[in-house]
Amino acid sequence: MNHGQQSGEAKHEDDAALTEFLASLMDYTPTIPDDLVEHYLAKSGFQCPDVRLIRLVAVATQKFVADVASDALQHCKARPAPVVKDKKQQKEKRLILTMEDLSKALREYGVNVKHPEYFADSPSTGMDPATREE
Amino acid sequence: MSGERAQEDLAASSSGCSESYEFSHAAAKAAVAQVCESVGYEHFKDPALESLAGFALQYILQLGKTAISFANLTGRSQCNVFDIILALEDLTGDGDDDGGGVSSESCSLGRSVKLKGIVDFVNSSEEMPFSQPLPRFPVAISKKKMMIPSFVEIGETPPGNHIPLWLPAFPDPHTYKETPMWIERASDPRGDKIEQARQRRKAERALLSLQRKLVCKISSGTRVWGDMDGVNEDEGELRSVPPSISGEKVESLNRDGLSVVEAFAPAMEAARDGFCSEVDTEWNKKKKPDALSKLRTEKKFLGEPLDLSLKMKGEDRPLSFVREEDRDDKRRRAEFILRQCMENPVDLNQL
């Protein structure tokens, strides 16, 4: 019984925290606009007049995109810097979102966006992947 | 920042697209670019940005689909927050140690890992709203107005019991059958009569003014003939012409003069009667033949006086909106001068 009571109390606390979080969502404006999210949710059959739920979905998507982008950024930074030709040129890396970084980042999320290689890129193109050294 | 520029270009190009899909896709691209910029990226390659935006949209769609399916499972048609939390767990629950099972306890904030992560994200990250103002879309083309109304909406009973009322109504018979077309003009006999009387009065007024001018020309003879000095010379020349021709001319003029005055005779009578002066009418009836004779003797040129009268009529048209006092005065003057002419026929012949 005690355990039930405790879990009951915990639930109340959780509910209160949830309510508080949803209220705080109204202050926070997600980067993805509400109209856009509402449009795509309506496409999938999701209908809700409550703006907070729309914002919740928007925030969740924003978090997802931010996570993927930050992972791709890590990959981009981790790549060795290009050869410096001029002495004046600093070791500045242009942070560009490329397909390579994106595909590496998305693989962790279970999405395969591997760009097919060009035929003449490397001598090992088109060979069986098991024999290739990665 | 070129990232910003790229984002602005995207937004600008998105506003020119007409298809709703392209517009929403472009807006999503702009939003995703903004998120990446907040993460730290400065530049984007277009294929990468496109695919990331596509993933974000797929994420939203999948989330919505899963959430609504959870709601439907419990017999609801509208989602609530717990459906969304469950959907979030469903999308990415592989990281959990307890087999990633969706349990009722994971609905709460305390248990749900994903939700905790979102809360932390909201608390930690900077608020960066969408930079471009987004219009309300999709723009509703008033398709409802284009829809054919049902029998119930029109208020018609369908022809036949087998047709339910909620079906769209049949088109009007004139759309598929040739029905007679009537241009119905509302007949207004009273209005027509009034209009007719008005037009008659107008014609009468015109005739009267013309007649008045003629009489004036006859009566105020000196003034008129004074203006026509050249014409008087022509009159002399005409006189020198063989008398047969002048005689013919005079005869034709007489004919013309006769026809003119005869035409005006009823109008004159009506005018005189209208003014209720019996003496005048008698006198005018007597004087008419004298006036005629005057016309014959004085007017030697063919049609000239008529032309004159017409010209004078044209010039005097603004004045021809006659006041009745003027008409009276002129008539009295005309009569007086005619009387004088009668008394002194010799003087006129000398002109």
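A compact table of results
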quantity	calculated
In the stretch B:60-84, the residues that are exposed (fewer than 14 other Cβ atoms within 10 Å of the Cβ) and either of a type in the set (Lys, Arg) or in contact (Cβ under 8 Å) with a residue 40 or more places away in the chain (or both)	B:Arg76
Residue that is farthest from the other protein chains (Cβ to nearest Cβ) [pool: residues in the stretch A:34-61 that are touching a residue at least 24 places away in the same chain (Cβ under 8 Å) and under 19 Å from B:Pro133 (Cβ atoms)]	A:Val51
Test: residue in the stretch B:5-21 that is surrounded by 22 or more Cβ atoms within 10 Å (Cβ to Cβ), under 30 Å from A:Lys114 (Cα atoms), more than 10 Å from chain A (Cβ to nearest Cβ) and at pLDDT below 90	yes
Some residue of the stretch B:32-45 being over 20 Å from A:Ala105 (Cα atoms) and either modelled with pLDDT under 90 or open to solvent by less than 10 Å² (accessible area, probe 1.4 Å) (or both)	no
Qualifying residue in the stretch B:188-196 (condition: of a type outside the set (Ser, Thr, Tyr) and assigned to a loop (DSSP other than H, G, I, E, B))	yes
Residue among B:Pro168, B:Pro164, B:Pro180 that is exposed (fewer than 10 other Cβ atoms within 10 Å of the Cβ), free of Cβ contacts under 8 Å to residues at least 24 places away in the same chain and not hydrophobic (A, V, I, L, M, F, W, C)	B:Pro180
Flag for B:Gly64 being part of a helix (DSSP H, G or I) and of a type outside the set (D, E, K, R)	yes
Residue match in the stretch A:65-80 (condition: more than 19 Å from B:Ser51 (Cα to Cα), facing chain B (nearest Cβ under 10 Å) and modelled with pLDDT under 85)	no
The stretch B:34-54 residues that are more than 7 Å from every other protein chain (Cβ to nearest Cβ), paired with ones that are part of a helix (DSSP H, G or I) (beta carbon under 6 Å, 6 or more apart)	B:Glu37/B:Gly3; B:Ala53/B:Ala28; B:Ala53/B:Lys29; B:Ala53/B:Val32
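The values are calculated or read from the model by the stated rules, or taken from the named source; none is laboratory data. Remember, predicted model here, so these are calculated numbers, not experimental data. Here the Cβ is made from the backbone with ideal geometry for all residues, glycine too, and neighbour counts use every protein chain on show. The protein model used for the area step is the full one, side chains on, heavy atoms only, and it has no ligands, DNA or RNA in it. Shrake-Rupley method; radii C 1.70, N 1.55, O 1.52, S 1.80 Å.
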